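Take a look at the structure below.
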Amino acid sequence: MSEREFVNKNFKHIINIDFRTKLLMTMFLSLTVLSGKVQYRYPIFLFAISVVPYLLLLDIREYGKCIKGLVLTSAAWAVSEFLPKNTDSFLQGILYMAAAIVIRMLPGIMAGYYTFISTSMSDMTESLRRMHMPDAFIIPVSVMFRFFYSIREDYKNINEAMKMHGLTFIKNITDPARILEYKLVPLLVCSMRTADDVAVCAMTRGMVPGSKRSSISNARLKVLDYIIMFLFAGIFIYFVIFN
Amino acid sequence: MLNKSRFSVKDLVNAGMFSALIIGVFWCCGMIGFIPVLMPFVPFLGAFCSAPVFMLYTSRIDKPGMIGILGCLFMLVFSLSGHGLFVIPVVIVLSIISEIILYTGKYKSIIHARLAYTVFMASSAGPLVPIYISRESYRQYLIASNYGADFADKMLAVMPMWSFFPIVLAGCLGAYLGTGLGVKCLNKHFKKAGMI
């Protein structure tokens, strides 16, 4: 199984925006989509805004997630707009609510996913440092996002090992109490050892929180960044606050 | 000029890793919330499953500020992934209270750790708040489209307004029960840290 890189640098990205811009864009996008007023007064506009993260995902060549997301979003919008609202069926109420959750939450989740997948670690830490965030925040953030991958790999291995002990996927549903003891605890112990190794490595490389460090990245705010920031801020202010 | 931080690298790496685990476990439990009938149970289940991880984290804390870092990362992940900004003030207040509780226990007491987690997980219902807020605008939309107020109330009967407080309480209850289970599972680690 090939090791998936954090950022695939083998091709040129068309849209090169700074990490700070991506954060602001995610925040304004998720706030606009979450607001109930926009969904009912300007549905076409909201659908257009929900598609934006998938276009960005196309830029970083994540075709699978882009297509799946677009299909799910379109299905949710179709359910919420075209399903008749004057029936009594309980199943329909549940379907409607599931569609509402997808419409409200999925664009924000996808925009956040794009933010963290398309930024390399050095760019992320440099942008956070330029925002004058303390080291006590930058180091845990970068460790956390790196650890999500490592935890996923460890969990996959533990899952495979536990299959040999008889804990298959069906057993997960019929006997859920064993998940906590046989999968979570080994994951915790394994992650603790990884964390200790990482801490020792960092100390060996001379990392002291609070001291100045050089960086290979040249993260700067360019014209495109300001355009995107003001555009999304303007959208949020106009559609959510002034309406 | 060397501006040394209060935390060492080991503390910050531990904070990052345990935050990743706690948020990851909470998020996976939150996935069952996509089935709307199970959504009220998300805080209970999330707090229950993240409890052993948090207890292990407290066994490796020896200075104030670590729960604050966990709270900041919790806020960051849940506000940026489309759960609204309501989590931010709630988590700030509850992290400060948890820090005070742990500080009075001198980082060596199991009871204080359990209480600190129960208080912290009162914010587990925070990500669900936007659903309650948007219900009001959906109700007004239904009324404005001439469907009538009683039809609107019937459609929204799945999760009524008064169910918010019991959900928060269920989150705290799940947190307390989960810490009991966590202490039993990870007994060895707590003995090594000198907390039992």
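The values are calculated or read from the model by the stated rules, or taken from the named source; none is laboratory data. Please read all numbers here as calculations on a predicted model, not as lab measurements. Glycine gets a Cβ as well: all are built from the backbone with ideal geometry, and neighbour counts include every protein chain shown. We work out accessible area using only protein heavy atoms, side chains counted, and drop any ligands, DNA or RNA first. Shrake-Rupley method; radii C 1.70, N 1.55, O 1.52, S 1.80 Å.
With the condition kept exactly as written, say whether any residue in region A:158-181 is within 15 Å of the chain's Cα centre (by Cα), within 22 Å of B:PHE26 (Cβ to Cβ) and assigned to a helix (DSSP H, G or I).
So the first thing to find is which residues in region A:158-181 are within 15 Å of the chain's Cα centre (by Cα), and the list is none.
So far as region A:158-181 goes, no, none of its residues is within 15 Å of the chain's Cα centre (by Cα), within 22 Å of B:PHE26 (Cβ to Cβ) and assigned to a helix (DSSP H, G or I).
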Q) Within region A:25-59, how many residues turn out to be more than 13 Å from chain B (Cβ to nearest Cβ) and surrounded by fewer than 18 Cβ atoms within 10 Å (Cβ to Cβ)? A) 9
Q | Identity of the residue in region B:1-22, more than 7 Å from every other protein chain (Cβ to nearest Cβ) and surrounded by 21 or more Cβ atoms within 10 Å (Cβ to Cβ), that ends up farthest from B:CYS72 (Cα to Cα) | A | B:ASP11
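Which residues, taken from region A:158-196, are within 9 Å of chain B (Cβ to nearest Cβ) and aliphatic (A, V, I, L, M)? Break it down stepwise before answering.
Of the residues in region A:158-196, the ones within 9 Å of chain B (Cβ to nearest Cβ) are A:179-181, A:184-185, A:187-189, A:191-192, A:194-196.
Result: A:ILE179, A:LEU180, A:LEU184, A:VAL185, A:LEU187, A:LEU188, A:VAL189, A:MET192, A:ALA195.
Rundown of residues vs (1) away from chain A (no Cβ under 14 Å); (2) in a loop (DSSP other than H, G, I, E, B); (3) crowded, with 20+ Cβ neighbours inside 10 Å; (4) of a type outside the set (Phe, Trp, Tyr), yes/no style:
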| site | (1), (2), (3), (4) |
| --- | --- |
| B:VAL77 | no, no, yes, yes |
| B:SER98 | yes, no, yes, yes |
| B:ILE101 | yes, no, yes, yes |
| B:TYR117 | yes, no, yes, no |
| B:ARG135 | no, no, no, yes |
Q. Of the numbered conditions (1) closer than 26 Å to B:VAL183 by Cβ; (2) out of contact with any Gly (no Cβ under 9 Å at 6 or more places or on another chain), A:ALA195 satisfies every one except a single condition; which is it?
A. (2)
Q.
Looking at (1) open to solvent by less than 20 Å² (accessible area, probe 1.4 Å); (2) assigned to a helix (DSSP H, G or I), which one does A:ILE109 not meet, given that it meets all the others?
A. (1)
Q | Residue that is most open to solvent (accessible area, probe 1.4 Å) [pool: residues in region B:161-196 that are aromatic (Phe, Trp, Tyr) and within 21 Å of the chain's Cα centre (by Cα)] | A | B:TRP162
Q.
If B:PRO89 meets every condition in (1) buried (at least 24 other Cβ atoms within 10 Å of the Cβ); (2) free of Cβ contacts under 8 Å to residues at least 12 places away in the same chain apart from one, which number is that one?
A. (1)
(Q) Show the residue pairs meeting these rules: Cβ distance below 6 Å; 6+ apart or different chains; first residue within region A:25-52 and of a type in the set (Gly, Ala, Ser); second residue not in a helix (DSSP H, G or I). (A) A:SER30/B:GLY82
**Q.** Neighbours by Cβ (under 6 Å, 6+ apart or cross-chain): first from region A:187-208, small (Gly, Ala, Ser); second open to solvent by 60 Å² or more (accessible area, probe 1.4 Å)
**A.** A:ALA199/B:LYS10
Q | Single unsatisfied condition, A:ASP225 versus (1) modelled with pLDDT of 90 or more; (2) over 30 Å from A:LYS37 (Cβ atoms) | A | (2)
(Q) I want to confirm something. Restricting to region A:173-192 and keeping residues that are closer than 16 Å to B:PHE48 by Cβ and modelled with pLDDT under 80, which single residue is surrounded by the fewest Cβ atoms within 10 Å (Cβ to Cβ)? (A) A:ALA177
Q: Sort out which residues of region A:193-221 are surrounded by fewer than 12 Cβ atoms within 10 Å (Cβ to Cβ) and at pLDDT 90 or above, and write them in order of number.
A: A:ARG193, A:ASP197, A:THR204
Q: Would you mind telling me which numbered condition in (1) assigned to a loop (DSSP other than H, G, I, E, B); (2) more than 10 Å from chain A (Cβ to nearest Cβ); (3) in contact with a Lys or Arg (Cβ under 9 Å, 6 or more places away or on another chain) B:HIS112 fails?
A: (1)
Q. Among the numbered criteria (1) under 12 Å from the mean Cα position of the chain (by Cα); (2) more than 10 Å from chain A (Cβ to nearest Cβ); (3) buried (at least 22 other Cβ atoms within 10 Å of the Cβ), which single criterion is violated by B:CYS29?
A. (3)
